[in-house]
Amino acid sequence: MVTETQATVERDARLSQGRWLRIPGPTVVHPDAVIAQTRDMVPHRGPLMTAFMGELFLKLKKAHRTESNVLVWPGSGSAGWEAAITNFLAPGDRVVATVGGSFGARWASIGEQFGLDVRRVEVEWGQPVPPDVFADALTRAGEVRAVFITHNETSTGVTNPLPELAALARQAGTLVLVDAVSAAGAMPLETDEWELDWVLSGSQKAWMCPPGLMIAAVSDRSLRATARSGYPRFFWDVREMAKAADASATLTTPPLSLLFALDAALDVILAEGLERVWTRHDRLGRFVRSALTDLGLRLMAEDGYASASITAFSPPGEMSASGLRDRIADASGIEIAVGQGAHADTINRIGHMGWVEEPELAATIEAIARQITAR
Ligand code: PLP
């Protein structure tokens, strides 16, 4: 395991090389995860792996605050959208979906491609979904089987009020299906307490791992709902995967190296303490927003619903988002992101989730400051 001092040395070395990935994922892989993924393979159905998976599942449950299964597939976050649809729903089912950016919109449109009756609760980009608007949409929709909630909209840097939205959905008797891709591991998530039925994420965000894993907490309610699904499935069969997980295994050959990385990253997260990790992200979000505001830049989201894991802002004056990104990358090697959809070239986004502290964010802000003052 890399010690705290070694980790600091590595961070300083990367900073002095002026190399830092500050996009909203993939994020910087924690050094412990980098080392762990170089382990050699072992038989995936042997006793070593069974013991390893048993431990990994326990750590995942802790990180998701649930007693239920947390499943892991080779895949990316998007697979979690599709798996939710094909396992818990049937063609024609009505769902209410939060849409405040490109990821919420994509999940809603995938639902339509699978023949669901999707009722969108659309808000302007940069805004959260207000609970009263969501409640109203649920009432107007009538019989709703499930809600799709984007916990943190990565395209805008907005965090939706998940506990409130989930409570309204539970009152309405629907399944609560949550996209926590850029939220899990960065901000408060109480899967059991908030009665969430499916919480999907990807290894490449706050979990500090390379891309390649889809991780999903699944409730007993969801497992029961699989009985009435109208879709064929094998690889993404949640019931079969949950049965395998109960035996500390996976349905198919697992991506061992990524699981080793995830296990090491979870050790780092749990050693810091989940709540401390959440508080650190909250602090970093405030740090970035206040520094950008001090530079006279306009933020897309206001405090109160601004994300702890990613911040979106407008480049100054006539500068395009891609222009600012490229200038920063050329001058300092730091990679920030542009926007998406209609905002592709009008906003920039900084990721601050996972293995990150103030020094590298200060370096990012400095790199931005140099480019906007050098105009
Ligand atoms: N949902 C959100 C909120 C995301 O930010 C992303 C990716 O950034 C996805 C879903 C899709 O995940 P992936 O690209 O891992 O398939």
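The values are calculated or read from the model by the stated rules, or taken from the named source; none is laboratory data. Worth saying up front: this structure is predicted, and the values here are computed from it rather than measured. Methodologically, a virtual Cβ is constructed for each residue, glycine included, from the backbone with ideal geometry; neighbour enumeration extends over all protein chains shown.
Numbers for the structure displayed
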| item | result |
| --- | --- |
| Residue check, Ser68 touching a residue at least 40 places away in the same chain (Cβ under 8 Å), under 27 Å from Asp263 (Cα atoms) and touching a Ser or Thr at 6+ places or on another chain (Cβ under 8 Å) | yes |
| Counted residues, region 128-152 - those being under 15 Å from Ala308 (Cα atoms) and without any contact (Cβ under 8 Å) to a residue 60 or more places away in the chain | 2 |
| Subset of region 36-50 that is within 30 Å of Ala337 (Cα to Cα) and surrounded by 16 or more Cβ atoms within 10 Å (Cβ to Cβ) - its residue that is nearest to the ligand (Cβ to nearest atom) | Gln37 |
| Selection within region 183-229 - closer than 20 Å to Ala264 by Cα and among the charged types (D, E, K, R) | Lys205 |
| Number of positions in region 195-223 that are surrounded by fewer than 24 Cβ atoms within 10 Å (Cβ to Cβ) and more than 13 Å from the ligand (Cβ to nearest atom) | 5 |
| Residue match in region 22-35 (condition: within 16 Å of the ligand (Cβ to nearest atom), basic (Lys, Arg) and in contact (Cβ under 8 Å) with a residue 24 or more places away in the chain) | yes |
| Within region 339-351, considering residues that are in contact (Cβ under 8 Å) with a residue 24 or more places away in the chain and touching a strand residue (DSSP E or B) at 6+ places or on another chain (Cβ under 7 Å), the one surrounded by the fewest Cβ atoms within 10 Å (Cβ to Cβ) | Thr346 |
| Residue that is nearest to the ligand (Cβ to nearest atom) [pool: residues in region 167-193 that are of a type in the set (Ser, Thr, Tyr) and within 30 Å of Trp355 (Cα to Cα)] | Ser182 |
| Pairs where the first residue, in region 247-270, is surrounded by 17 or more Cβ atoms within 10 Å (Cβ to Cβ) and the second is among the aromatic types (Phe, Trp, Tyr) and part of a loop (DSSP other than H, G, I, E, B), C-beta under 6 Å, 6+ apart | Ala265/Trp207 |
| Test: residue in region 39-49 that is part of a loop (DSSP other than H, G, I, E, B), touching a residue at least 40 places away in the same chain (Cβ under 8 Å) and out of contact with any helix residue (DSSP H, G or I) (no Cβ under 8 Å at 6 or more places or on another chain) | yes |
| Any helices (runs of 4 or more DSSP H) falling wholly within region 63-163 and containing at least 1 residues that are within 16 Å of the ligand (Cβ to nearest atom) | 77-88, 102-113 |
| Pairs with Cβ under 6 Å, 6+ apart, first in region 86-109 and closer than 26 Å to Met241 by Cα, second of a type in the set (Ser, Thr, Tyr) and away from the ligand (no atom under 13 Å from the Cβ) | Thr86/Tyr231; Asn87/Thr226; Asn87/Ser229; Phe88/Ser222; Ala90/Ser229 |
| Near pairs, Cβ below 6 angstrom, 6+ apart or cross-chain, from region 209-232 (more than 18 Å from Lys62 (Cα to Cα)) to any residue that is of a type in the set (D, E, K, R) | Arg221/Asp197; Ser222/Asp197; Thr226/Arg239 |
| Flag for Ala13 being modelled with pLDDT under 95 and of a type in the set (A, V, I, L, M, F, W, C) | yes |
| Only one of Ile328, Ile336 that is crowded, with 20+ Cβ neighbours inside 10 Å, free of Cβ contacts under 8 Å to residues at least 60 places away in the same chain and not charged (D, E, K, R) | Ile328 |
| Qualifying residue in region 305-323 (condition: assigned to a helix (DSSP H, G or I) and buried (at least 18 other Cβ atoms within 10 Å of the Cβ)) | yes |
| Sole residue being over 21 Å from the mean Cα position of the chain (by Cα), within 24 Å of Gln340 (Cβ to Cβ) and surrounded by fewer than 18 Cβ atoms within 10 Å (Cβ to Cβ), chosen from Glu143, Glu112, Glu122 | Glu112 |
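Matching residues to (1) under 21 Å from the mean Cα position of the chain (by Cα); (2) at pLDDT 95 or above; (3) farther than 17 Å from Val158 by Cα; (4) of a type outside the set (Asp, Glu):
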| residue | (1), (2), (3), (4) |
| --- | --- |
| Thr252 | no, yes, yes, yes |
| Leu262 | yes, yes, yes, yes |
| Val277 | yes, yes, yes, yes |
| Leu284 | yes, yes, no, yes |
| Thr311 | yes, yes, no, yes |
